[in-house]
1. Any chance you could run the full-extension gain for TYR372 through SER206? It's 0.36 nm times the residue separation minus the Cα-Cα distance, nm to one decimal.
2. Based on the mean of other Cβ atoms within 10 Å per residue, sort peptides 38-45, 165-172 so the most packed one is first.
3. Filter the trypsin sites (Lys or Arg not before Pro) in the range 246-287 down to the DSSP loop ones having no more than 16 other Cβ atoms within 10 Å, then list what survives.
4. Per residue of the chain, what 222 nm ellipticity follows from adding -39500 (n - 2.57) for every DSSP H run with n ≥ 4, rounded to the nearest 500?
5. Could you tell me which chymotrypsin sites (Phe, Trp or Tyr not before Pro) in the range 53-146 are loop residues by DSSP with no more than 14 other beta carbons within 10 angstrom of their beta carbon?
6. From Cα pairs below 8 angstrom and at least 6 apart in sequence, can you work out the relative contact order of the chain, rounded to a whole percent?
7. Given Cα pairs under 8 Å that are at least 6 residues apart, what percent is the relative contact order of the range 1-119?
8. Pop the C-beta distance of TYR21 and ARG393 into the FRET formula with R0 = 35 Å and round what comes out to the nearest 0.05.
Amino acid sequence: LDPQSFSDESKAVVDFIAEYYRNIEKYPVQSKVQPGYLSEKLPDTAPYAPESLDDILKDVSESILPGLTHWQSPNFFAYFQANASTAGFLGEMLCSGLNVVGFNWISSPAATELESIVMDWMGKMLKLPSSFLFSGTGGGVLHGSTCEAVVCTLAAARDKTLEKLGGSENITRLVVYASDQTHVTVKKSAKLIGITKSNFRVIPTSFSTKFSLSPENVQAAIEEDIKAGLVPLYLCGTIGTTACGAVDPIMELGKIAREYKMWFHIDAAYAGSACICPEFRPYLDGVELADSISMNPHKWFLTNMDCCCLWLKQTKFLVDSLSSNSEYLRNNASESNSVVDYKDWQIALSRRFRALKLWIVIRKHGLANLMYHIRSDVDMARRFEALVVADRRFEIVVPRKFALVCFRLKPELESEGSKLNRKLLDAVNSSGRAFMTHGVVGGRFYIRVAIGSTMTEEHHVDDLWMLIKEKAQNCSYSN
Ligand code: PLP
């Protein structure tokens with residue numbers, strides 16, 4: 001690595017990205033390429049001789065950009081936003097530029113120590129009880145995704161419970177509880193840690209609870225399992241479900257988990273970010289009853305991919321389950337038990353210095369601007385929701401809590417609802433002017449508008465509504 005060309009070429013790439021952002025609205029939001037398009041454009045073997053950055057960037061422009069769905073476009077309303085920011089990019093650049101691999105404390109003390117500090121900063125912004133903080137009796141770690149966080153907490157819960165039950169043969173008795181709105185990552189993680197397929201309980205939700213988990217139904221399922229000789233292991237509650245942004249009753253679920261001595265995890269991947277604002281913090285009430293909680297700053301906290309915060313009350317169980325040691329990793333600091341070795345808090349050995357990114361995001365914005373960012377997205381969602389409500393052809397399908405609006409064109413016959421709204425969704429997306437996705441709850445197909453791309457402003461939301469209305473005219477609906 002030659003520092004001079006490093007500097008020159010990095011600047012060229014930064015300029016390239018800046019130009020991309022300047023022109024981002026010119027691209028169709030959802031890529032229009034066909035499967036296999038790229039192999040027609042690129043050679044099928046690697047170059048033998050080095051190529052110039054100019055040539056490579058030309059190919060990025062001509063071959064890669066057309067195959068991108070532009071997640072950072074202000075007209076991207078699909079899935080959940082992955083909101084990038086200058087601060088997040090600067091942090092990512094530092095992380096990647098320094099490229100240290102802080103698997104244990106001694107391998108890069110600052111990487112570990114900054115991570116612990118930032119996890120406490122984040123925890124304090126969310127007003128988590130001190131039992132989740134290093135400054136209290138718990139602690140936190142940065143993972144790449146919620147999936148990794150959940151699989152690690154499940155492994156910790158499994159090993160803790162199996163030890164209590166006196167043998168690993170009891171694994172077939174362990175049961176995991178979630179709702180039909182819980183992210184599929186929990187099911188996948190349960191499978192990965194060896195939970196029998198038939199021991200994964202999916203508790204149905206409905207319009208009557210606005211798709212949040214009913215504590216009574218959870219308790220009934222647990223009682224039935226206990227009668228059958230099974231052992232309740234793990235319950236997942238969600239703050240801001242993926243499909244419709246529902247919130248599970250954390251306090252009541254926490255009490256049930258306590259009563260049955262189960263591990264209680266809170267998945268706040270999307271909406272956890274909102275809980276830094278006092279008006280959203282009540283959704284976290286009862287968190288003191290949880291064993292672990294995770295949220296993704298890479299969704300709604302201006303932190304470029306990837307970044308998932310996981311806090312635990314009793315970090316010991318995670319470490320007991322995940323620690324592994326090799327002679328080449330032995331060192332005095334670890335053996336003195338006075339340091340955190342994050343390799344024992346995750347699946348992989350190697351790890352990125354993600355804390356730099358989150359640290360810079362928090363410092364460059366400050367809590368005040370981070371709250372402003374959340375609130376302005378919520379205000380835009382409220383504005384969009386009001387436009388939907390004011391038009392008698394449309395209806396809100398699930399009441400909005402955060403910056404996700406779930407709506408549909410009202411069908412004349414319920415049986416036509418899915419076809420009608422798919423048609424509208426396709427018409428909007430294929431225009432290239434915006435990109436939204438869909439959900440199905442209670443058998444009802446609807447369109448999701450997730451607001452929160454960093455560059456989205458009010459006029460983008462108004463334009464989206466105009467576009468939806470324009471396309472709705474052609475959706476065989478008489479107004
Ligand atoms: N949990 C919820 C509530 C989500 O909305 C998502 C993603 O949308 C996930 C988990 C998965 O997160 P990750 O991709 O970080 O594993």
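Read the figures in this text as sums done on the coordinates, not as results from a lab. Predicted model only: the values in this text are computed from it and were never measured. All Cβ positions, glycine included, derive from the backbone under ideal geometry; neighbour counts span all protein chains shown.
1. Difference between extended and current length: 56.5 nm.
2. Final packing ranking: 165-172, 38-45.
3. Hits after loop and neighbour filter: LYS261.
4. Using -39500 (n - 2.57) per qualifying helix, the result is -13000 deg cm²/dmol.
5. Of the chymotrypsin sites (Phe, Trp or Tyr not before Pro), not one in the loops of the range 53-146 has a Cβ with at most 14 other Cβ atoms within 10 Å.
6. Relative contact order of the chain: 22 percent.
7. Reported relative contact order: 24 percent.
8. E between TYR21 and ARG393, to the nearest 0.05, is 0.50.
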